[in-house]
Structure formats: structure tokens, C-alpha cells
Amino acid sequence: MPEKRMAELIDIINRTSYEYYVLDMPTITDQEYDDYYMELLRLEEKYPELKRVDSPTNRVGGDALTKFEKVIHQTPMLSFDDIFNEDEIRAFDERIRKSINNPEYTLEPKMDGLSGSLIYEKGVLVRAATRGDGVTGEDITINVKTIRTVPLRLTREIDIEVRGEIYMSYDSFNKANKEREKNNQPLFANPRNAAAGSVRQLDSKITAKRNLDFMAYFIPNPEDYGIKYQSDSLEFLHELGFKTNYNLNKVASSVEEINAYIADLGEKRESLPFAIDGVVLKVNSLADEAKLGFTSRVPRWGIAYKFPAVEVLTTLHEIKCTVGRTGKITPNAIFSPVHVDGSLVAKATLHNEDYIKDKDIRVGDVIVIRKAGDVIPEVKEVKFERRSEDVLPYIMITKCPICGTELIKKDAHHFCPNEVCPAREAEKLIHFASRDAMNIDGFGDAICEDFYNMGYLNDVTDFYHLKEHKEELMTLEGFGEKSINNLLESIENSKHNSLERLLFGLGIRHVGAKKAKLLAKRYKDLDTLAKASFEDLADIADIGDIIALSIVDFFNKEENKIIIEKLREYGLNFAYINDDYHEIEDFVGKTFVLTGALETITRDEAGLLIENAGGKVSSSVSAKTYAVIVGDSPGSKYTKALSLNIPIWSEKDFLEKINK
Ligand code: IVH
């Protein structure tokens, strides 16, 4: 009876892994666990038709996806307003007391990860989604199944949605970064970024290796289970088999208790195995919650208190100037590495000479490094009382640290005017390979610089020539066949990128990722853009004279023409790949004319919407025109349309049809 044995094995494995991962209390040895697991795996291989959706063997991930499907949340996934000090806590409590007598609050650690929604049907996990914009999220079920602390089957056969935080423990974060360091990949800045990056992997096998965790804290419809208090929701989640912060969550009924809890948790914070960034306060009684309701954005019955920015002292060893892609010089503070708010930090930008002078930052000073959550670490101030007598004011460099050219000053910044300064060249390579540009995995700062210095990469076209040096590269210290193969594969993949990535990667001045997308959508391929006139470009809303000039200049330069021809020879895609294309019946194969000023969107945007829906835009009205979309003060196209009896659509008509 394989079915019966398989059910037994699933029960044993799910129970023991619950004991191990959720309760942190293993009851069997690793060897025993592995034996059960292998037995189940073999049975599933032999009887694939009997494999169950809640089988723990699903936790290894599955086939890679090409994209995440969108899902609409059954109840919107809101978040709370943030507050930062005791006064705001008191104000929150006073506000609640205006409508509720003697309110009670649950106090819960504010987990620093990303929120996720899990849907169970008859106790079986059927869907997991990211928060997204709160209304629509992404389906990450296959990835979430790899998270050991997410039960694949609950202790009860109920339909329920559970929300909580997907996060990465410090342990797993450190391991992931060690691995990345070994593979020359850019390190994760903090556990939250690591968790977000891992759960949004199209290849769930990668997610499975990252050891994510899930902390449950919320049931959107608790009344369906007879629950009357948030504290009971937390209890219920625990009973269902979820990991909850049951030893840290608390109920309180006064501001004093809340403050004491915050102080206490602040002290425990350093020793917790995961990152938290504050305390979440929720009115405990669900009847009270219902009474308080929501503002247009957030629940009135809860709030998120955020811990203050963390400040740490360290010693400034060096002010090191780096040269950017445009030749801009940036002074950086290099100091003894310190842990600040969950990340290890050893350097911070000092922006420019004035910034250093204003704060009077000197090498040898004891400095205060400050960081809060997402915020990039900064040198907050100098501890002047700890300055020794022999430290000297900083004198800004006058020559490029890389090529020795005399620097020039423009406004607050110094620049290296040497167009072929090697630093600028290496920065161009780093930029080209970066995530928002060509996204060539594995080519972070260090490797681009090394390959540049060794002569393998002189300009961006050399990425596509690297495979000719494969044998040589494999002999370099720190590389093997596998890592070189991975690099070459990422390079090969980047050839198929849509135009906007290439455009951004080429590093045209003033053309950031957003503008690149706009241009790619409008011109459709690189050659058409390269031929566009200044007037044509400057005419586009959001482009303007400065950017238009920079684009025209770029494509006129002989060295850029050579680069583009080489990239063409290497087989790079030069076309815009439209991922917004979604046919709408009213538009497919039909021709539209736009006239007059539209109110809520520009004519260009409307044109794009029409094309994305499968239609065409023409500049003149003829018998073939399907409809004319008319804004304010329309021109002769409007009268012509009337005379030809062509349907006239208002902006509202148009938007209604296009939104269908
Ligand atoms: S309850 C209506 N409980 O912090 C909000 N959220 O602003 C329901 N978070 O986006 C969420 N720990 O990602 C809740 N114990 C906790 C939390 C928590 C962290 C996150 C969550 C949410 C934000 C709250």
C-alpha cells in the first residue's frame, strides 16, 4: 500500500521539520530524517501519480518561471503609518481613546523583511503572493513552498488566508553573502534585500538554497474562525503550525507599558536571530478595530513604531577619491568596518569637498556613522572632543587619482576632464553590466575592474569577445570552469535584452533607466533613435533640449558608432521588446487619430496605449480611420472626421475602452 506509507512519511517529515524549524526542538537525528525523506522520494518517483501537493519534496523548487503571474488580493494588503517617538505613541493612544474605552494593544516586533500572503484551501497551501502595490501582487507560490517555516498543510482542514513576513535570518544572510563573495557576485546589503531578491527568483531552486523564513502575524478575516482578539489570531496561527513571535509578542494597555516594551525589545534586538526595525501596535479587540476602521490609506487601529536610526562610532582611516563614469570625483570615507542596523559598513560617500569642509571631517577622526533601514550609511558628524592634536584638515586632491590629469571644478564637484581616463572606462563597464542596464550577472565592481586592468575588457564590446579567452580566464586565481561558464552564460543571455537596457547601459549622459525606456518605446530600435533629429527628440515630453542634445552628440561620435557596429556584429538585440503588449478587441488592427490636448495623459502616452492594445496611430484622418480621439481645442482633424462620418471619441470614451 504505497499510498498509506507515503501518507505516513509525509506526516513524519512534516511533523519533524516543524519541530526542527518552527519550534527549534529536533526530535530525530538528521540521518533518520534523511532516511524518511529518501524513502518518500523513491516512492514518489515510482508512483508519480500518488505525489501529493503537500509533500515535503515540493520544497526543493521546480521548473524556472519566465515571469510571475499577477494576483489580486482578496482583501487589500495595507500597511501602517510609521511613527518615531514617544510623543507620537502618546498621540496615537489618545486618538484611540477618543473612541474606545480602555483599549488594549498587541505589541509585536516589526519584522524587517517583506510581507507575503498565503492562501490555504482545506488546510493545503495553494497560493502565495507578494504584497505588490497592496491591491495586486505577484504569484510566488513555488518559491514560498521552499520556505521550511511555511506549512504545506495546516493542522486543520480550513480555508484561510494568512499574512506574515518573509525574511532571512542573520545566519542565512551571512552564509548567502559568503557564497556570493566566493562567486564574485555583489553582496546583499542587508537581510531584507536578500529576502526580497531571493523570493522573487524566477528559478525556485535558487530560492530553495537561500533558506528563507516566514513569521506569521495576521489573519485578514479572523471573525470567520470565531476569533475576537488579535492576540487570539496570533495564538491560532501558532496552533495551525506557523512560526509566530510567541515569546516576544505581548498585550499592553498603557503608554508606559508600550514604552517599556520598546525599550526592552530595543535591548534584545542585537541578540535576535533576525532583523527587526520597530514595534507594531494593534488594537487587540477586533470589535474595537471594526469600530475604528480605516482612513483612505491605512487602518486606524494600528501603527508601526520605528526604532531610531542606529549610530555607531568608528575611526576614519582614509578619504579615498573615486572617479565616476562622467569623470566626477567622489571622496569616500574609509573606516574600520562596523555593524550598523543590520549591515556591515566600511565606507560612506562624502559627496564633495564642501561636504567635508562643512563637517570638518579629517583623517584620524572618530566619526559617527548613521544608518536607518533603507537609508545609505552616512557620516553624521565628527566627535570633536576625541580629536587628537595632530590631525590635519583635509586637502582636496587636485589631480585625478587614476590618470594624474589636473582636475577641473564645476559647481560643487571636481571632474577629471580626461575622456579616456582608465577609471572612467572601468566605471563604464560596471555600469553596462549593472542590474538595471544589461544585467550581466556576476560582473560587479571588482571583477570589471580586474578584467579591465588585465586587458580583457577595454570597452563594453569586449564582454561579447570574452569567450575567445575562455581557456585563459579559467586559469585565473579564484575562477574555475564553472564560474567562467556562468559568466559567459550571463553575457550570452544579455544579448537578448530589450532595447532600453542597452540604451541605459551605453551610458548616454542624462539618459537614466526611465528615459531609456521612454526612448526605446518610442523609437522601437536603436538605429531609428540614432537617426532622430534634435528637434524630434526635444519635442518629446520629458526629454527636453539638454537630453536631446546629449543623445544627438552621442550618436554622432565616431567612437560610439564603432561600438554600436561591433555590438551589432556580436548579435545583440537592438529592438524594443514590448512586454506591455496586450491586445484589446476594439483596437486590434484599427487606425486612430489623436487631436487636441488630452487632460489626464499626453498624446504620446495615448499613442503608446493604442499600440500596446494592437492598434495604429496615424497623423491624418482618412476613410480608413476607425475613430478620432478628441481633446481640448482640437484642430482641423476634428472637422474632417465629422465630414467623413468617422466616430468621435472623447478622452473618457477612449480610457474606458482601453482599460477594458
Ligand atoms: S500587520 C495592516 N504585523 O510592517 C497591516 N505587519 O506597516 C497589517 N510588518 O507592511 C500588517 N511585522 O510588512 C504586521 N508583526 C507585524 C509586522 C508587520 C512587520 C510589516 C508588514 C507591513 C508593515 C506595517
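The values are calculated or read from the model by the stated rules, or taken from the named source; none is laboratory data. This structure is a prediction, so every number in the text was calculated from the model and none was measured. Because the Cβ atoms are built from the backbone with ideal geometry, glycine has one as well, and the counts that use them run over all protein chains shown. Side chains are part of the model used for accessible areas, which takes the heavy atoms of the whole protein and leaves out ligands, DNA and RNA. Shrake-Rupley method; radii C 1.70, N 1.55, O 1.52, S 1.80 Å.
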Subject >> Other-chain or far-sequence residues with amide H under 5 Å of Arg325's (modelled H) >> reply: none
**OP:** Could you pull out the pairs from Lys517/Lys616; Lys410/Lys514; Lys145/Lys268; Lys347/Lys515 whose alpha carbons sit more than 23 Å apart here?
**Re:** Lys410/Lys514; Lys145/Lys268; Lys347/Lys515
Subject >> Expected 222 nm ellipticity per residue - DSSP helices of 4 or more, -39500 (n - 2.57), all of the chain, to 500 >> reply: -10500 deg cm²/dmol
Subject >> Using alpha carbons only: equivalent-ellipsoid semi-axes of the chain, gyration tensor based, whole Å >> reply: 44, 37, 31
Original post:
How large is the dipole of the chain about the Cα centre if only Lys and Arg carry +1 and Asp and Glu carry -1, each at its Cβ, rounded to the nearest 20 debye?
Top reply: 1000
**OP:** Starting from the amide H of Gly62, placed 1.01 Å from N in the peptide plane, find each other amide H under 5 Å away whose residue is 5 or more places distant or on another chain.
**Re:** Ser204, Lys205
Subject >> Those lysines that a straight Cα-Cα span of less than 18 Å connects to Lys557, excepting residues fewer than 8 apart in one chain >> reply: Lys428, Lys531, Lys566
Subject >> For segment 167-292, accessible area per residue (1.4 Å probe, heavy atoms of protein chains only), Å² >> reply: 46
Original post:
What ranking, highest mean first, results for peptides 489-495, 63-69, 246-252 when packing means the other Cβ atoms within 10 Å averaged over each residue?
Top reply: 489-495, 246-252, 63-69
**OP:** Work out from phi, with θ = phi - 60° and the Karplus expression 6.51 cos²θ - 1.76 cosθ + 1.60, the ³J(HN,Hα) of each residue of segment 596-610, listed in order in whole Hz, and give x for Gly and Pro.
**Re:** x, 8, 7, 8, 9, 9, 7, 5, 4, 5, 4, x, 5, 4, 4
Original post:
Based on the mean of other beta carbon atoms within 10 Å per residue, what is the order of 199-208, 138-147, most packed first?
Top reply: 138-147, 199-208
Original post:
At a probe radius of 1.4 Å, what is the per-residue accessible area of Arg192, in Å² to the nearest 10?
Top reply: 40
Subject >> Contour minus Cα-Cα distance for Asp354 and Glu385 (0.36 nm per residue) >> reply: 9.0 nm
**OP:** Using packing as a proxy for protection, rank 356-363, 227-234 so that the peptide with the highest average count of other Cβ atoms within 10 Å comes first.
**Re:** 227-234, 356-363
**OP:** Tally up the carbon and sulfur contribution to the accessible surface of the chain as a whole percent, 1.4 Å probe, everything protein left in place.
**Re:** 50
Original post:
Using θ = phi - 60° and the Karplus curve 6.51 cos²θ - 1.76 cosθ + 1.60, what whole-Hz ³J(HN,Hα) does each residue of segment 111-125 get, with Gly and Pro shown as x?
Top reply: 5, 9, x, 9, 7, x, 10, 10, 10, 10, 10, 6, x, 10, 5
**OP:** Could you calculate the contour length gain from Asp159 to Asn85, that is, 0.36 nm times the residue separation minus the distance between their Cα atoms, to one decimal place in nm?
**Re:** 22.7 nm
Original post:
Once both labels are modelled 7 Å past Cα along the beta-carbon direction, what's the Val124-Asp580 spacing in nm?
Top reply: 4.0
Original post:
For Lys46, which lysines qualify as cross-link partners when the Cα separation must be under 17 Å and same-chain residues fewer than eight apart are set aside?
Top reply: Lys4
Subject >> Spatially proximal aspartates and glutamates relative to Lys470 (Cα-Cα < 16 Å; intrachain offsets below 8 disregarded) >> reply: Asp450, Asp462, Glu481, Glu489, Glu492
Original post:
So for segment 560-639, taking the charge dipole from beta-carbon charges (+1 Lys/Arg, -1 Asp/Glu), which of Phe587, Ile601, Val621 sits furthest toward the positive end?
Top reply: Val621
**OP:** With a 1.4 Å probe and every protein chain left in place, work out the accessible area per residue of segment 342-457 in Å², rounded to a whole number.
**Re:** 53
Original post:
Ordered by residue, what ³J(HN,Hα) values in Hz, to whole numbers, does segment 38-49 give under the Karplus form 6.51 cos²θ - 1.76 cosθ + 1.60, where θ = phi - 60° and Gly and Pro are x?
Top reply: 5, 4, 5, 4, 5, 5, 5, 5, 6, 10, x, 5
Original post:
Along the charge dipole of the chain, Cβ charges K/R +1 and D/E -1, which of Ile648, Tyr452, Tyr261 sits furthest on the positive end?
Top reply: Ile648
